[in-house]
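Everything on this sheet refers to the single structure shown next.
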Amino acid sequence: MASKKAEAAGAAWEGADIERPMQGEDPSSATLADARRWVGVYHHLVNLEQELFDVLARMIPDMPARAQTEAERTNLPVIASQVERFRHRLELWQRRRDELERGQPKT
């Protein structure tokens with residue numbers, strides 16, 4: 001069984017992989033309903049992670065110096081990578097939705 005540290009490290013690496021789809025996500029889907037659903041999912045995730053990032057960034061200046069350093073070194077980068085990943089996936093699905101709405105095949 002993996003240790004908690006190994007599990008956390010694995011989750012951080014997975015979270016940083018901007019090409020990794022979520023479970024059940026099929027980027028080759030040809031249905032407009034799928035594209036619209038994933039746009040909604042990723043829209044919510046971008047908003048969630050961005051809000052978490054913003055809250056943390058506002059809190060850091062009021063923390064003791066060592067806490068600031070740790071949060072800036074560990075917490076902010078992890079959340080920022082999630083924001084980046086979810087934005088990338090959102091843009092992918094927005095393009096896919098737009099292609100399907102126009103009736104154009106995926107290129």
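Bear in mind these aren't lab numbers, they're just calculated from the coordinates by the rules spelled out. If you're wondering where the values come from, they're calculated on a predicted model, not measured in any experiment. Virtual Cβ from ideal backbone geometry, glycine too; neighbours counted across all protein chains shown.
What FRET efficiency comes out for Ser3 versus Arg102 if R0 is 41 angstrom and r is the Cβ-Cβ distance? Round to the nearest 0.05.
Efficiency for this residue pair is about 0.25.
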Practice prompt. Compute the separation of the alpha-carbon centres of the stretch 43-64 and the stretch 86-102 and state it in Å as a whole number.
Written response: 25
Fill in: Length added when fully stretched, Ile60-Ala30, from 0.36 nm per residue minus Cα-Cα
6.4 nm
